[in-house]
1. Identify, by number, the condition in (1) part of a helix (DSSP H, G or I); (2) surrounded by fewer than 10 Cβ atoms within 10 Å (Cβ to Cβ) that Met1 doesn't meet.
2. Which of (1) in a helix (DSSP H, G or I); (2) of a type outside the set (S, T, N, Q); (3) surrounded by 10 or more Cβ atoms within 10 Å (Cβ to Cβ); (4) at pLDDT below 95 is the odd one out, the single condition Pro53 does not satisfy?
Amino acid sequence: MTDEEAQVLRRENDYLKRRNAQLQDDVTSLGGQLLRLQQELERMSGRRAAASPDPLSGGQ
């Protein structure tokens, strides 16, 4: 392997390391967003259930 080939491989390796770190940050961010949306959906479902009684229960 020549010095030039080694240099190209080092640059590519550095790029891939940075890209991997960016993607890991993105995954972490998306995980947090998913959790917030799940919590919001649970709150909204709870409000809807409390606001509208079951019509099959006969109002009891």
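The values are calculated or read from the model by the stated rules, or taken from the named source; none is laboratory data. Everything quoted here is computed from the prediction, not taken from an experiment. Note that we place each Cβ from the backbone using ideal geometry, even for glycine, and neighbour counts take in every protein chain shown.
1. (1)
2. Status for Pro53: all satisfied but (1).
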